[in-house]
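Encoded as structure tokens, the structure appears first; notes follow it.
The values are calculated or read from the model by the stated rules, or taken from the named source; none is laboratory data. Predicted model, so just to flag it, every value in this text is computed and none were measured. Methodologically, a virtual Cβ is constructed for each residue, glycine included, from the backbone with ideal geometry; neighbour enumeration extends over all protein chains shown. Please note that ligands, DNA and RNA were not included when accessible areas were found on the heavy atoms of the full protein model with its side chains. Shrake-Rupley method; radii C 1.70, N 1.55, O 1.52, S 1.80 Å.
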Amino acid sequence: MFRFGPTIIEACCAVAIAACSAPLAAQDFRIDTAIRGNGPRPDGGFFFRYLTPAIEGTTVVFRSKGIRNAINDSVWSLRLETGLFTQLASLDTAVPGGTGRFTSFESGPPLIRDGTVLFAGHDASTGVFTGGLYAVPATGGPIRKVVDHTTADPTGGGAFTAFSQAAPGGFSLSAGRVVFEASNAANQPGIYGAGTDGSDLVRLADGIHPVHPGSAFPVVFFANPAISGDNVAFWGRGTTDPGSGFNAIYTTRPAGPSGLLPDGSPAYQEILTSDTPLPGGPTTKFHTRIDVPSLQVDGATLYFKASDSVSGYSGIFSMPVGGGTIRKLVASDDSLPGLKKLDPGGSFAGCSAASGSVAFRAVDQDGQDALFIWANGGIRRVAGSGDMLNGQAVRSVETPGSASLSGDRLVFYAALIVTGPGQSDEGMFVAVPVTRPVVVNTVSNAASYAGGPIAPGELVAAFGDGMGPDLLAATTVDSSGRFPSSFAGTRIFVNGTPAPLIYASATHCGAVVPYSIGIGSTATLTVEHQGMTSNPVPLPVVAVAPGLFAMDSSGAGQGAILNQDGSLNGPENPAASGEVMVLFGTGAGLVNPPAVDGQVSAPGAFDPGIPVAVTLGGVAAKILYFGPAPGLVSGAFQLNITVPPGLPAGNTPVVVSLGASQSQPRLTAALR
């Protein structure tokens, strides 16, 4: 008996769905202009020149450099529902706890959480380092110092000499707590935490207290802190390049002022290292590099970008903050709507996570880019190169900052192509998902693509719109070892019973008809996506509805067939008389022993309770095996047959009969 190996799985399943291209997802979002690049500033400071905005609810915060940085540098909030701008800090603002007025605001973008804005700035001191972190209400008001260059390291390392302000990822804010990257007087980098008023300053990790101190490669450099509630994560590395040296992700637990637990042990735990393989990447000859700044904590889930320094494979991944299974969200070998082959180095440079969704930017090898949102296993395109915003084509989009996503809203910067007078070369935009109606147009056999009655256990394809994510996503077995009935926000019901899902997209979904539906009745199929339910589709139920898989997913032409040596059958690789061929199909109905919904099949013949026959060119072929296709979902069957003698060479029709029902007549096998 031939097993249903990876090659034919690709032939029968991946090929069957690959021809159904997903539309661009711009139609899934309403994109509003928050600020036009040539819009005047309310303070008369020429135009806004903004950097990596952040959002919470309907409030956007950003830093604007203005036309001349030394005059117009400032921090702002914008209420989207009213269009009200509030200047939170400027070069005329006195520095709380510092010297004089602010002299600049570093390019590390401001953040907003729970109505509080956190930003970095410099005072008028004359020392080498004059920076600090400050908090202010998003509606404006008194500014509070969190820490600055006069603040002492809580473990006695002297005053802080630097904060990581040059890029996103140097500080994070949640529930009134700030975590930040800083260096002490001895220039030792570390991760610290404090309240937004500067209280309860603690050390979480620093170079004076290295991780693995007795090893040849102690971890002494720390960066990219992220916080959500009580969960904190940060990155660490040794003294060598993380592309070849040790690096890791750490998460913390509540600790005292020393940064240690009551028993004196470190408050952090190491949950992923450079010795950990990435899902979908190489499992031998690899070196995992966690790319910063990309760490995000959303509730109890950690999100991050990582890459394999050996193969170049990269992607965005998630895992529990306490450690556990790593999940791939998107990777450099994936196909994304509107982009060609991805550039692993340019894609996924940063991400923003909120409410279980992740926003990221991807770049293809032609330099075209786009923003996407991953949610519930599906990916939707927001906007990118060539898309139209305000009547102008997008040139490029900016990588989202750590707080660019809030709930279902994404704020982003886009560079625009100017083609006429009065147009701006940039803009700040807010994308909000638009609910699309879920519509089912047709339901067909997933192998033959023939419409009509359905049978218990039949793999079916539903065609319509709004049924799932715009990028087609294939399911995998869940923790119970079965194909799930809910995936990427999509569920399919037959007579109210959830059906196991094979794949989901906006226009094309694959599922398995539950075995419990009554033969001789009329079933009702509905598709649910993100809580929206489609129109009901009535489908007569019959005992069997056989169909055979085709290589090009059309239901016709060359079949998805294996030759005796396990190679794919085709005009360049035909089978000979007396050799074994393996066919794959669906629609055998109820069988004995009974099949289980969504279960992965094991080898072993079954009995459909009716005669089974196969003909090649109208000539009966000997059946060697008829049963489940091992490794595929229950409902897919496998037929091993012997090619009868005397048939002419060429493309020969192959038909399977189950009782009086036959598979589609236009499928062929290649013979020699």
task = Quote the convex hull volume per residue of the chain, based on C-alpha atoms, as a whole number of Å³.
result = 172
query = Going by average Cβ neighbours within 10 Å, how do the peptides 344-356, 430-442 rank, with the highest at the top?
reply = 344-356, 430-442
Pairwise label distance in nanometres, Glu572 with Ser516, each label 7 Å out on the Cα-Cβ vector = 4.8
inquiry  = Given points 7 Å out from each Cα along the Cα-Cβ axis, report the Ser486 to Thr139 separation in nanometres with one decimal.
reply    = 3.7
query = For the range 487-511, list residues with backbone N below 18 Å from a point placed 7 Å from the Cα of Val439 toward its Cβ?
reply = 505-509
Accessible area, probe 1.4 Å, largest first, for residues His149, His508 = His149, His508
request  = Go through Val633, Gly466, Gly315 and say which Cα lies farthest out towards the positive end of the charge dipole of the chain; charges sit on Cβ, +1 for Lys and Arg, -1 for Asp and Glu.
outcome  = Gly466
query = Mind listing the Cα extents of the range 304-458 along all three principal axes, in Å, largest one first?
reply = 61, 44, 31
query = Given +1 on the Cβ of Lys and Arg, -1 on the Cβ of Asp and Glu, and no further charges, what dipole in debye does the chain carry about its Cα centre, rounded to the nearest 20?
reply = 420
message = Classify the range 479-529 from the C-alpha gyration tensor, please: rounded if a/c falls under 1.5, else prolate or oblate depending on whether a/b exceeds b/c.
response = oblate
task = Convert each backbone phi in the range 468-474 into a coupling constant with the Karplus relation 6.51 cos²θ - 1.76 cosθ + 1.60 (shift: θ = phi - 60°), then list the ³J(HN,Hα) values in order as whole Hz, x for Gly and Pro.
result = x, x, 5, 8, 4, 10, 8
request  = Give the span of the range 519-569's Cα atoms along each principal axis, as three whole-Å numbers ordered largest to smallest.
outcome  = 46, 31, 18
ask   = For Gln365 and Arg36, FRET efficiency with R0 = 35 Å and r from the beta-carbon atoms, rounded to 0.05?
value = 0.65
ask   = Can you list the equivalent-ellipsoid semi-axes of the range 523-672, largest first and in whole Å, using the square root of 5 times each Cα gyration tensor eigenvalue?
value = 29, 17, 15
message = Run the Debye formula on the Cα coordinates of the range 625-664, all scatterers equal and no solvent, and tell me log10 I(q)/I(0) at q = 0.16, 0.19, 0.27 1/Å.
response = -0.59, -0.78, -1.07
query = Here are some pairs, Lys145/Lys305; Lys285/Lys341; Lys65/Lys145; Lys65/Lys340; which of them have Cα atoms lying more than 26 Å apart in this structure?
reply = Lys145/Lys305; Lys65/Lys340
inquiry  = Give me the one-decimal nm value for the distance between modelled label points at Lys285 and Arg672, 7 Å along each residue's Cα-to-Cβ direction.
reply    = 3.3
ask   = Got a sec? Charge dipole of the range 465-585, +1 on Cβ for Lys and Arg, -1 for Asp and Glu; which of Thr524, Asn573, Gly555 is way out at the positive end?
value = Thr524
request  = Determine, from the Cβ-Cβ distance of Thr273 and Ala186 and an R0 of 30 Å, the FRET efficiency 1/(1 + (r/R0)^6), rounded to the nearest 0.05.
outcome  = 0.70
request  = Sort 461-469, 556-564, 387-395 for me by packing, meaning the mean count of neighbouring Cβ atoms within 10 Å per residue, highest on top.
outcome  = 461-469, 556-564, 387-395
Pairs of alpha carbons in the range 53-206 whose separation is greater than 25 Å (percent) = 23
query = the range 394-467 to the range 202-242: how many Å between their Cα centroids?
reply = 39
Ordering of 306-312, 374-380, 399-405 by burial proxy (mean other Cβ atoms within 10 Å per residue, highest first) = 399-405, 374-380, 306-312
inquiry  = Rounded to the nearest angstrom and ordered from largest down, what semi-axes does the equivalent ellipsoid of the range 470-591 get from its C-alpha gyration tensor (root of 5λ)?
reply    = 31, 18, 14
